[in-house]
1. Could you give the DSSP H helices of the chain that reach 15 angstrom or more along their long axis (alpha carbon positions) and whose average Kyte-Doolittle hydropathy is no lower than 1.0?
2. Give me R45, R248 ranked fewest to most by other Cβ atoms within 10 Å of their Cβ, as a rough exposure proxy.
3. Count the DSSP beta bridges whose two residues both fall in the chain, then state the antiparallel fraction as a percent rounded to the nearest 5.
4. Taking every pair of Cα atoms in the chain, average 1/r, invert it to obtain the Kirkwood radius, and report Rg/Rh to two decimals.
5. Report the net charge of residues surrounding P330, where surrounding means a beta-carbon distance below 12 angstrom and charges are Lys +1, Arg +1, Asp -1, Glu -1.
6. Quick check: the distance between the Cα centres of region 114-186 and region 312-365, to the nearest angstrom?
7. For Cα pairs less than 8 Å apart in space and 6+ apart in sequence, what is the mean separation divided by the residue count of the chain, i.e. the relative contact order in percent?
8. Please rank V83, V95, fewest neighbouring Cβ atoms within 10 Å first, as an exposure proxy.
Amino acid sequence: MEFMNELTRKSLDFDYVLSRIKTYTPYGKGYKENMRPYLPGEEERLEEELQRIEQFLKYAKDHDFSREINDIFAHTKDLRTSVRRTMEGCVLSEVELFEIKTFLFLIRDLDKILKKYGMDDWKDIEIEPIEKLEKLLDPDDTKIATFYIYDSYSKKLKNIRKEKKEVDREIKKRKKEIKDKVKEDLNMRFRPDGSIVVPKENQSVLDKIDTNPYLTYVSETYMNVKFTIKSTEEISELERKLSNLKEREEEEEYKVREEISKQIANSRKKLFRNMASIGKLDFILGKAQFAIETDAVKPEIVKEHCLVIEEGRHLKVEDFLNKKGLKFTPISIDLKEGATCITGANMGGKTVSLRLVGLLAAMAQHGLFVPADSMKLGLSNFICTSIGDMQSTDKGLSTFGGEIKLVQEAIEVAHKKGIILIDELARGTNPQEGYAISKALIKFLKDKNSITLVTTHYDNIADMEGVAHLQVIGLSDIEFEKLNEELKDRELDKMDIINRYMDYRLVEVKSKKEVPKDALNIARLMGLDEKIIHEAENILEEK
């Protein structure tokens, strides 16, 4: 069974958390996209990763360091394809060689920054300048991040270029002599492109040009006629020679690029090692910055299979509330293997507690700090959830059918060490059967090796030995008359006011206790007709 399926990732808002982790290089993005959870047996490796984030916190808080290193990251391109092409015997283009040269300079700059801040001895992060390759791409030691096939690469190339310049100079000289003669004969100036344009109405000039041995027709419009210099036999010979020299130059440049490409292929291990190290550095700094921004802490990883959260926060819900000017109520919970029930009325925050438990567990097992005051975690093999509307239209399943399908999948692996989160099971069927199924499920899961957390609004579901019972405080401590007065202000959003007063904290229930009837209070506060409220209260008393 995979650690989390797509439905679980979505219900816990795990991808929202990942979107908050900033990486700047293609290599860092690759590590982020391929991150996987640490599973039971990998506690030491996870602890090493978390310790590394802790050590990087001070660097992430240093604005000068962040500015310097982010400038390097911002200019880092993905060159893995170019390097692989050299391994296949391909010859890189000048653009690709320029990018490799720029990358080598970035490696050198990054190495200097890491040494400056005392960060040059991290395990698995080896930033190593490749001097031999750097010198090959910068033979004249210009220290400039541009690439050109320098004359110093080949004596033959240098001679070809020298001869090419001489021939080109001779062609220009011959053409200038002709231009000067034409100017003298016709008293006309050449355009920058070497052409002469004559209006058709100027017939006398056109007649002169017809007899001029140095000009030839190019094209015409309805108003003008265009001419250019007629190539002489001497110029034609020089141009043929120049064309031949250009071909020879290209051939020699190709040989140079071919040799450089071979040397890049020979340095592939060092190049890939630097790329990997840049990716790790980028990703670990992203994790550290994320921890700072979310006021997160390092979770304590233990061998015992448990999950203890003190003052935990669900980041997406917290961000949503903050935008509305509301505060998230931190949640504390202590879970062990077996079953735990959370009871409370609708709107009481039971589902948020469920999602928070799953999200923080997933974050910790993926090597992230968690938004809480503290957290203790024993690693799980999987997180399985049934949260929200489980209706499956593609398979023709109702909400209840979708729930049962997911719950059955969880039951099949409940004997393994995992986390099972079930929200309001059987709410999609009639209450009597729903209660019976929920009770039977809790009874089945209470002795299993997985940590199971179930929310329910049914009474007495947790009323059995070995099942922990938690209850949302909700509105039980609120003076409703005072709250009702505030709700009379029509300009205020009633839902926002209720959310402000709702206490989402969990308390342990040690004795038999009914689920609190906050639903009636909420209905009253939201303005439901008082006659209906009284009738509902009478019905409850008759039960």
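1. Working: long enough: 43-60 (25 Å, -1.21); 63-74 (16 Å, -0.51); 94-116 (33 Å, 0.30); 155-186 (46 Å, -2.07); 233-266 (50 Å, -1.60); 268-293 (37 Å, 0.02); 350-365 (23 Å, 1.07); 399-412 (20 Å, 0.16); 431-445 (21 Å, 0.27); 530-542 (18 Å, -0.69).
The answer, listed by residue number, is 350-365.
2. On the way: R45 13, R248 17.
The order, fewest Cβ neighbours first, is R45, R248.
3. Numbers: 25 of 47 bridges.
Around 55 percent antiparallel, to the nearest 5.
4. Working: Rg = 37.7 Å, Rh = 30.1 Å.
On the Cα set of the chain, Rg over Rh gives 1.25.
5. Numbers: positive: R313, K327, R505; negative: D295, E310, E311, E318, D373, D503.
After counting each charged neighbour, the total is -3.
6. Centre-to-centre distance over Cα atoms comes out at 62 Å.
7. Value for the chain: 18 percent.
8. Numbers: V83 20, V95 10.
Going from sparsest to densest Cβ surroundings: V95, V83.
All of the numbers you see were taken from the coordinates with simple rules; none came from a lab. This structure is a prediction, so every number in the text was calculated from the model and none was measured. Note: ideal-geometry Cβ built from the backbone for every residue, glycine included; neighbour counts use all protein chains shown.
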